[in-house]
Amino acid sequence: MELVEQLKQSLLFSGLSGDDLADLATITVRRRFAKGESLFCEGEQATGFYLLVAGSIKLCRVSPDGREKVLHFVKPRETFAEAAFFGDGRYPAEARAMESGEALFLPREGFMELMSRKPQLSLNLVVSLSLMLRQFVRQIEELTFADVTSRLASFLVRRAEEKAASYGGITYIDLGIKKGELASRLGTASETISRTLRKLKDEGIIEVQGSRVLIHRMDKLQKLCERHE
């Protein structure tokens, strides 16, 4: 796919004219990465941000006691590391590849220069960061007020909304992550995730087949999303 077409698919660059996208393409650098590779590490000097084209990236931080906390899973067509433009100019988390893929790198200096000439870019950046803030607020609310069953149900429902197949009243989704990573994302332990999945299975709500989950009762799963401790 042409570079301009890939840029146009991102929310951050929506509404830009063909000429603006062409200007953006002149500063954009393609970067391929392998599974397990870090695109940048927490605390590194931020030299730019990325648009994920293919693959999967997790943004994570490591606590003082060595535990990893997953902040966000980046999907294709999403931008990440826009924080490079604010604060102390350092990446606040590590970006690690969960599978091989490709991203587009936009250097800070070149993008800042384009923003000074193209107000639409500045407006789009504000919208993009606002949506990211809303995601983190929702995550904090879930970790604070919702029990593990509710958090897991919310994750499964969102996953189904993003990418799922339905047949005969059953919704098929792929978790896309290991149970340990899911546990980190939901602020609990792997053993708790396994117990909760078994509980939902025993109640006839879901069925687990490796990394695939079959949702038999989406209505019950959605009700669990609203439950609090």
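The values are calculated or read from the model by the stated rules, or taken from the named source; none is laboratory data. Keep in mind that this is a model prediction, so the values were computed, not measured. Here the Cβ positions follow ideal geometry from the backbone for every residue, glycine too, while neighbour counts run over all protein chains shown. Surface accessibility is based on the protein's heavy atoms, side chains included, excluding ligands, DNA and RNA. Shrake-Rupley method; radii C 1.70, N 1.55, O 1.52, S 1.80 Å.
Numbers below:
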read-out	value
Every residue from the stretch 79-108 that is over 15 Å from residue 33 (Cβ atoms) and either of a type in the set (A, V, I, L, M, F, W, C) or in the same structural domain as residue 178 (by the TED database) (or both)	83, 84, 85, 86, 93, 106
Residue match in the stretch 169-178 (condition: polar (S, T, N, Q) and open to solvent by 40 Å² or more (accessible area, probe 1.4 Å))	no
Hits in the stretch 153-168 (condition: open to solvent by less than 60 Å² (accessible area, probe 1.4 Å), within 17 Å of the chain's Cα centre (by Cα) and in contact (Cβ under 8 Å) with a residue 60 or more places away in the chain)	154, 156, 157
Residue count for the stretch 83-127, restricted to those that are closer than 14 Å to residue 44 by Cα, open to solvent by less than 70 Å² (accessible area, probe 1.4 Å) and modelled with pLDDT under 85	4
Which listed residue is in contact (Cβ under 8 Å) with a residue 12 or more places away in the chain, out of contact with any Pro (no Cβ under 9 Å at 6 or more places or on another chain) and open to solvent by 30 Å² or more (accessible area, probe 1.4 Å), from 53, 62	62
Residues satisfying the stated conditions in the stretch 196-216, i.e. modelled with pLDDT of 90 or more and assigned to a loop (DSSP other than H, G, I, E, B)	203, 204, 205, 216
Candidates 173, 177, filtered to the one that is of a type in the set (Val, Ile, Thr), within 28 Å of residue 96 (Cα to Cα) and in contact (Cβ under 8 Å) with a residue 60 or more places away in the chain	177
Members of the stretch 1-44 found to be charged (D, E, K, R) and touching a Lys or Arg at 6+ places or on another chain (Cβ under 8 Å), listed by number	20, 23, 37, 42, 44
Which listed residue, of 210, 187, is under 15 Å from residue 153 (Cβ atoms) and surrounded by fewer than 20 Cβ atoms within 10 Å (Cβ to Cβ)	187
Residue that is surrounded by the most Cβ atoms within 10 Å (Cβ to Cβ) [pool: residues in the stretch 11-25 that are free of Cβ contacts under 8 Å to residues at least 40 places away in the same chain and assigned to a helix (DSSP H, G or I)]	21
